[in-house]
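Remarks on the structure that follows.
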Amino acid sequence: MALKARVLYDFHSENPGEISISENELVTLFSEEELEGWLEGENSRGEAGLLPASYVEIVKDHITASVNNNGFSSPKTKAQTPTHTSYTSSDSQSQRGFGAGSSGSGGGSFHTSQGSDDDWDDDWDDGSPSANAPQGLGSAPPLYPVTTSLPGRGSAQQHQQHHHQHQQAKSSATVGRNLNRFSTFVKSGGEAFLLGEASAFVKDGDRICVVMGQHGPEWQADPYPFTCTIDDPTKQTKFKGMKSYMSYGLTPTHTNVQVNRRYKHFDWLYARLVERFPVISVPHLPEKQATGRFEEDFISKRRKGLIWWMNHMISHPVLARCDVFQHFLTCGADEKAWKQGKRKAERDELVGANFFLTISTPDVPLDLQEVESKIEGFKTFTKRLDENIVVVNTTINEFARKQMAGFKKEYQKVGQSFKLLGQSFELDQQAYSAGLNKAIAYTGDAYEAIGEYFAEQPRHDLDPISDLLDLYRGHLANFPDIVHVQKGALTKVRDCPKQESDLHNRCNIISCATLAEIQHFHRTRVRDFRSQMQHHLRQQISFFQKITAKLEETLQRYDDEE
């Protein structure tokens with residue numbers, strides 16, 4: 001039976017077999033069964049194909065209440081109630097309702113693309129969290145209650161309850177709530193934190209420090225940096241060969257122990273990180289593909305994308321030491337340990353609003369006006385960068401296409417014409433012209449070889465730039481939501497009374513985290529683009545040196561005498 005679903009986010013098809021959908025559009029699903037995060041259905045224009053499962057919610061008919069434009073509920077006898085089908089965890093995490101994880105990290109929601117847990121059965125997960133499962137791995141470090149919830153949690157804080165309630169009432173009356181429940185500021189937990197409603201225990205290992213650097217707030221550097229290699233994937237099968245998948249060997253340097261991971265494991269990790277860190281740009285994974293997953297070109301491209309993704313993960317001071325990421329890198333074939341770590345991550349309380357509780361900021365608060373100016377400047381920068389990345393990517397891809405097809409063909413035509421000239425010379429049958437005839441024939445071969453050089457060169461110098469630009473387009477897609485969280489906090493605090501110090505302090509935490517992430521983005525961008533452009537130019541120099549060497553070798557053939 002066909003199902004109706006409402007579209008949560010715009011999606012523009014980029015591959016054959018996909019269909020484009022628009023926010024709030026009603027689409028028809030042919031089945032609830034997912035294929036690696038994709039559903040099959042038909043949009044309102046009658047186009048049938050694949051669409052991302054995390055971008056839609058199934059609607060069912062029953063009596064409920066709807067929310068009008070003013071944010072107030074009114075009874076409705078027969079309303080459409082959304083029911084998410086893309087969650088795999090039945091715990092309280094699945095009720096937080098942020099936005100789609102695949103669309104970016106700021107305020108994005110955790111919608112894991114795993115439609116069912118069948119693929120986890122043989123990959124260290126049975127999809128059924130046990131009530132008795134340990135909450136963590138190893139001995140538990142000291143816990144410190146950190147809260148902005150009013151009143152506080154625990155008997156030790158009950159004597160402050162009346163004061164906290166008064167503060168909460170005053171704060172709420174001052175700034176009010178955002179009635180748009182789809183606002184990124186709301187979905188990310190930024191508003192709840194600002195209003196003092198976040199409450200969680202923060203372990204020592206979960207604390208995140210923002211320090212004041214030469215150019216402003218920045219994440220405290222990771223004292224134990226490491227790297228990680230990703231081997232060429234191997235094809236694996238299960239269910240007696242009925243199902244196939246690719247397995248990647250990961251070897252982090254701080255353990256030197258290889259672990260095997262599938263793409264869906266990366267996808268699960270990505271979704272957890274997006275949910276946990278609302279103002280950190282989690283790098284996007286290489287795109288999914290429902291067909292042709294075992295083709296050599298696709299496998300090679302995906303591995304390169306995963307290497308870029310991993311390099312950005314391990315170079316981020318916060319993401320690199322995140323417990324769920326470390327578990328992903330270090331848990332080997334121990335099924336019990338993997339399940340414990342996975343369930344711990346899925347029950348993590350330090351997500352959304354509670355994430356901000358983990359952040360320690362410099363002693364001197366930021367000037368809000370200066371913060372706003374920096375944020376506006378960054379918005380202008382990212383907008384222009386995104387536009388120009390499209391221009392560069394289009395240009396180099398077109399140039400690569402010309403090299404692989406047009407240039408190769410033209411050089412081959414020149415080479416063949418020289419060969420024809422040599423063949424005509426051979427008809428004279430003069431002994432003293434034999435050397436010339438051979439040299440001309442060799443010239444024809446040389447030009448054909450140069451044509452092959454042009455066809456092969458883009459994968460050495462242009463494709464890596466294109467891969468880097470794709471990665472950064474993912475980051476740029478994350479930042480509007482990240483900036484929106486910070487702008488939402490500034491907007492609410494700007495007009496509140498100065499005596500509302502708690503609101504200003506919490507806004508300062510959001511601002512420090514946002515500026516620290518922007519600072520990390522810029523440092524990483526400078527590192528990546530400097531390195532990639534150096535690589536490109538070295539490859540270009542080597543390329544033309546190879547052509548020059550071939551032409552010089554050809555020239556020497558004309559000096560030979562018979």
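Filtering the stretch 334-343 for residues that are more than 22 Å from Tyr224 (Cβ to Cβ) and surrounded by 21 or more Cβ atoms within 10 Å (Cβ to Cβ) leaves a non-empty set.
If only residues of the stretch 528-559 that are within 30 Å of Gly422 (Cβ to Cβ) and of a type in the set (Asp, Glu) are counted, the one that is modelled with the lowest pLDDT is Asp559. Any residue in the stretch 332-342 that is closer than 20 Å to Asp204 by Cα, at pLDDT below 90, out of contact with any helix residue (DSSP H, G or I) (no Cβ under 6 Å at 6 or more places or on another chain) and among the basic types (Lys, Arg)? There is no residue in the stretch 332-342 that is closer than 20 Å to Asp204 by Cα, at pLDDT below 90, out of contact with any helix residue (DSSP H, G or I) (no Cβ under 6 Å at 6 or more places or on another chain) and among the basic types (Lys, Arg). The set of residues from the stretch 207-225 being surrounded by 14 or more Cβ atoms within 10 Å (Cβ to Cβ) and of a type in the set (Phe, Trp, Tyr) comprises just one member, Trp219.
You will find that of Leu357, Leu385, the residue that is of a type in the set (A, V, I, L, M, F, W, C) and surrounded by fewer than 20 Cβ atoms within 10 Å (Cβ to Cβ) is Leu385 and no other. Being of a type in the set (Val, Ile, Thr), in contact with a Leu (Cβ under 9 Å, 6 or more places away or on another chain) and more than 19 Å from Thr380 (Cα to Cα) is a property that holds for Ile510. Just to be sure before I move on: is His475 under 30 Å from Asn397 (Cα atoms), open to solvent by less than 50 Å² (accessible area, probe 1.4 Å), touching a strand residue (DSSP E or B) at 6+ places or on another chain (Cβ under 8 Å) and not hydrophobic (A, V, I, L, M, F, W, C) in the structure I sent? Considered against the rule, which asks whether it is under 30 Å from Asn397 (Cα atoms), open to solvent by less than 50 Å² (accessible area, probe 1.4 Å), touching a strand residue (DSSP E or B) at 6+ places or on another chain (Cβ under 8 Å) and not hydrophobic (A, V, I, L, M, F, W, C), His475 comes out as no. Just checking, which of Lys374, Lys413, Lys379 is within 23 Å of the chain's Cα centre (by Cα), farther than 21 Å from Leu462 by Cβ and open to solvent by 70 Å² or more (accessible area, probe 1.4 Å)? Within the list Lys374, Lys413, Lys379, the selection yields Lys379. Farther than 25 Å from Pro317 by Cβ and open to solvent by 60 Å² or more (accessible area, probe 1.4 Å): is that true of Lys492 in this structure? Spelling it out, it is not the case that Lys492 is farther than 25 Å from Pro317 by Cβ and open to solvent by 60 Å² or more (accessible area, probe 1.4 Å).
From the list Asp445, Asp470, Asp502, which one is closer than 24 Å to Lys550 by Cα, charged (D, E, K, R), open to solvent by 40 Å² or more (accessible area, probe 1.4 Å) and assigned to a helix (DSSP H, G or I)? Unique residue meeting the criteria: Asp445.
Here is a yes/no grid of residues against (1) without any contact (Cβ under 8 Å) to a residue 24 or more places away in the chain; (2) of a type outside the set (S, T, N, Q); (3) touching a strand residue (DSSP E or B) at 6+ places or on another chain (Cβ under 6 Å):
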position: Pro365; (1), (2), (3): no, yes, no
position: Ile375; (1), (2), (3): no, yes, no
position: Arg384; (1), (2), (3): yes, yes, no
position: Glu387; (1), (2), (3): yes, yes, no
position: Ser424; (1), (2), (3): yes, no, no
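Residues in the stretch 33-48 that are open to solvent by 50 Å² or more (accessible area, probe 1.4 Å) and touching a residue at least 60 places away in the same chain (Cβ under 8 Å): 3 in all. The one condition from (1) surrounded by 13 or more Cβ atoms within 10 Å (Cβ to Cβ); (2) out of contact with any Leu (no Cβ under 9 Å at 6 or more places or on another chain) that Val526 does not meet is (1).
A quick yes/no check of all residues on (1) at pLDDT 95 or above; (2) of a type in the set (A, V, I, L, M); (3) under 16 Å from Gln532 (Cα atoms):
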residue	(1), (2), (3)
Gln429	no, no, no
Tyr432	no, no, no
Leu436	no, yes, no
Ala439	no, yes, no
Ala449	yes, yes, no
His460	no, no, yes
Asp481	no, no, no
His484	no, no, no
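If the condition is being outside any helix (DSSP H, G or I) and farther than 15 Å from Ser511 by Cα, then the stretch 343-370 contributes Arg347, Asp348, Glu349, Leu350, Val351. Scanning the stretch 542-555 for residues that are open to solvent by 100 Å² or more (accessible area, probe 1.4 Å) and under 11 Å from Ala446 (Cβ atoms) yields Glu552, Leu555.
Matching residues to (1) assigned to a helix (DSSP H, G or I); (2) open to solvent by 10 Å² or more (accessible area, probe 1.4 Å); (3) in contact with a Gly (Cβ under 8 Å, 6 or more places away or on another chain):
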site	(1), (2), (3)
Gly205	yes, yes, no
Met246	no, yes, no
Asn256	no, yes, no
Tyr270	yes, yes, yes
Val274	yes, no, yes
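For Asn311, the conditions (1) of a type in the set (S, T, N, Q); (2) modelled with pLDDT under 90; (3) assigned to a helix (DSSP H, G or I) are fulfilled apart from (2).
The values are calculated or read from the model by the stated rules, or taken from the named source; none is laboratory data. Computed from a predicted structure; not experimentally measured. No Cβ is skipped: glycine too gets one built from the backbone with ideal geometry, and neighbour counts run over all protein chains shown. We work out accessible area using only protein heavy atoms, side chains counted, and drop any ligands, DNA or RNA first. Shrake-Rupley method; radii C 1.70, N 1.55, O 1.52, S 1.80 Å.
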